[in-house]
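Student: The structure follows.
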Amino acid sequence: MSGVMTERPTERLNERPPLVVILAAGKGTRMRSDRPKVLHELAGLSLLGHVLALSEALGCAHPAVVVGPDMAAVEAEALRLLPGASICRQERQAGTADAVRAAERAIMAHDGDVLVLYGDTPLLTAPTCRRMREALGKGAGVVVLGFEPEDPTGYGRLIRDEAGNLLAIREHNDASETERAIGLCNSGVMGFDARTLLSLVAAIGNDNAKGEYYLTDAVAIARERGLVVSTLTCDEAEVLGINDRSELARAEGIWQARARTRAMRAGVSMQAPETVFLSHDTELGRDVTIEPHVVFGPGVTVGDGVRIKAFSHLEGARIAPGATIGPYARLRPGAEIGPDVRIGNFVEVKQATIAAGAKVNHLSYIGDASVGAKANIGAGTITCNYDGFAKHRTEIGAGAFIGSNSALVAPVRIGAGAYVGSGSVISKDVAGDALALTRAPQSERPDWAARFRRRHERAEGATADEADTNGGDEEGERD
Ligand code: UD1
Ligand code: CA
């Protein structure tokens, strides 16, 4: 076997993308969920999605995803995110070595490195995986990624000789007291040479406490065969496996901290980064400022120089350079905010294009709409886009001025440069440069209020009945 190893043209092989095998057949009962564990989300993306993204980052667009029976939703998620993924079904959960065996076909077809990752370990990074590949490139047949957890209980321990060579991995349940005192543990992430992996796995038995086929036994078998076995280490945070919802929250915290740091290093200012929540796909330009308490759902792109003021919630929105959003703004999917646009407090925008320099500054709902350049949408304007059955569009031309508290009943068009008087309910198209008004004309009765008050003052001396009658008289006086 080691002879085969030395024939390896190391440099060339290492340039080839690895095969990533993702183990995801576990049920994840501790999540106490109807959803398979790997479909729970971190930063708006499934745990599996994070591992698939890592696979892609490593150049492997055809990972083997090992799933259990009745995991159609997991299969669908894998294929949705990476159509090239090959789904491998493990009929019975007989252990991690058995899971790798389920990916036999993909491993046989591959020439080069194989990285075995877990679907529930989403924080692993590409640089660490590259270090594993480097070790394989230097001739290792097996590479183990170790770490020193705060509490090693439950993990496999790395058993080494005095020189630090890895001899075996002992699962917690099978370990002696002395072995349990070892702090260095197996993360579960392992690297192999594709040509030796299957024969190693074939030699693994299930004579252990759990009666399972342990992939970790590959280490001792590789040693017996004279293969080089290497160990690398990484931070605990990187190999945090998610078993329950508190671990999911912890992983979210680690992910967010990393993403905020990355954003700030790339030129984004945040006054209170710990209160800003990013999504797996948030794209932020240079000189973007994000004030405290801003939440990004998936699908947000922010251009250079944008300021997002406090307490705003954004998802599925594109914001062009120079725009100002919030405070307390809500951008929903399909919001296209043009350059230098101002979206103010308590404004909700959905499926709407707001062109350059337009202003929607206060208390408005703009949905299924287009707003032309430099239009001014007054406080409290509502696009009435939904009639209970279908959504309809509102089109507002460039430079239009919509007076405060107007309702625009879609489908409707306001021409360029038109004015809509405050408090109007607009249900018919308005021509460009016209003024549209729908409110009743204002009438005024001189001295009415003073007379009204006098009557009430008189009524205070009279009986309650009389006061009521007087009130009725006032109503009668109205028109
Ligand atoms: C495993 C390692 C242990 C390591 C720990 C790190 C083995 C034998 N043990 O233990 O050394 O310290 O991870 O977290 O490998 N899976 C399948 N099919 C199976 C069994 C498991 O797909 O039949 C998948 C699970 O979905 C999971 C991963 O493999 O993603 C690990 O399985 P799990 O049962 O959690 O292994 P541990 O006992 O935690
Ligand atoms: Ca586990």
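Student: Report the extension gain between PHE389 and ARG180 in nm, rounded to one decimal, defined as 0.36 nm multiplied by the number of residues separating them, less their alpha carbon distance.
Tutor: Details: separation 209, 0.36 × 209 = 75.24 nm, distance 6.44 nm.
Using 0.36 nm per residue and subtracting the Cα-Cα distance, I get 68.8 nm.
Student: In the chain, how many lysine pairs have Cα atoms under 26 Å apart, counting only pairs 8 or more places apart or on different chains?
Tutor: 16
Student: Applying 1/(1 + (r/R0)^6) with R0 = 25 Å to the Cβ-Cβ distance of ALA434 and THR289, what FRET efficiency is obtained, to the nearest 0.05?
Tutor: That gives a FRET efficiency of 0.05.
Student: Round to the nearest 0.05 the FRET efficiency obtained for TRP448 and ASN361 when R0 = 41 Å and r is the Cβ-Cβ distance.
Tutor: 0.70
Student: Calculate, in nm to one decimal, what ASN208 and TYR328 gain on full extension: separation in residues at 0.36 nm each, minus their alpha carbon distance.
Tutor: Extending this stretch completely gives an extra 37.4 nm.
Student: Something else about it: Could I have the simple spin-label model distance between ARG455 and THR275, label points 7 Å from Cα toward Cβ, reported in nm to one decimal?
Tutor: In this crude spin-label approximation the distance works out to 5.3 nm.
Student: Would you mind checking the tilt of helix 72-81 against the longest principal axis of the Cα atoms of the chain, expressed as 0 to 90 degrees and rounded to 10?
Tutor: That works out to roughly 80 degrees.
Student: Next question. Within the accessible area of the chain, what % is carbon and sulfur when the probe is 1.4 Å and the other protein chains stay in place?
Tutor: Carbon plus sulfur share of accessible area: 49 percent.
Student: In the chain, which longest range has no GluC sites (Glu not before Pro) that are both DSSP loop (not H, G, I, E or B) and surrounded by at most 14 other Cβ atoms within 10 Å?
Tutor: No qualifying site falls inside 163-443, the longest such stretch.
Student: Measuring with a 1.4 Å probe in the full set of protein chains, what accessible area per residue, in whole Å², belongs to the chain?
Tutor: With the other protein chains kept in place, the chain gives 48 Å² per residue.
Student: Ok, one more. Using 1/(1 + (r/R0)^6) with R0 = 22 angstrom and r between the beta carbons of ARG250 and ALA73, what's the FRET efficiency to the nearest 0.05? Don't skip to the end; give the middle numbers.
Tutor: Working: r = 24 Å, r/R0 = 1.11.
Efficiency, rounded to the nearest 0.05: 0.35.
Student: Here is a follow-up. Helix 47-57 sits at what angle to the longest principal axis of the chain, using alpha carbons and giving 0 to 90 degrees rounded to 10?
Tutor: In the chain, helix 47-57 runs at an angle near 70 degrees to the longest axis.
Student: Which parts of segment 242-265 would a label at HIS172 reach, counting a residue when its backbone N lies under 15 Å from a point 7 Å out along Cα-to-Cβ?
Tutor: Under cut-off, by backbone N: 242-244, 247.
Student: Shifting gears a bit: According to a simple spin-label model (label point 7 Å from Cα along Cα-to-Cβ), what is the distance in nm between ALA257 and GLU236?
Tutor: 1.2
Student: Give me the distance between the Cα centres of segment 14-38 and segment 300-326, rounded to whole Å.
Tutor: Between the Cα centres of segment 14-38 and segment 300-326 lies a distance of 34 Å.
Student: Could you work out the relative contact order of segment 287-416, using alpha carbon pairs under 8 angstrom and six or more residues apart, expressed as a whole percent?
Tutor: 14
Student: Whole number please: convex hull volume per residue of the Cα set in the chain, in Å³?
Tutor: Expressed per residue, the convex hull around the Cα atoms of the chain is 238 Å³.
Student: OK, next. Please give, to one decimal in nm, the separation of the simple spin-label points placed at ALA462 and GLU91, each 7 Å out from Cα toward the Cβ.
Tutor: According to this spin-label approximation, the distance is 9.5 nm.
Student: Also, I was wondering about something else. Can you give me the C-alpha center-to-center distance between segment 240-276 and segment 154-220, rounded to a whole angstrom?
Tutor: 32
The values are calculated or read from the model by the stated rules, or taken from the named source; none is laboratory data. What you see is a predicted model, and the numbers here were worked out from it, not measured in a lab. Every residue, glycine among them, receives a Cβ derived from its backbone with ideal geometry; neighbour counts consider all protein chains shown. Only protein heavy atoms, including side chains, enter the accessible area calculation; ligands, DNA and RNA are left aside. Shrake-Rupley method; radii C 1.70, N 1.55, O 1.52, S 1.80 Å.
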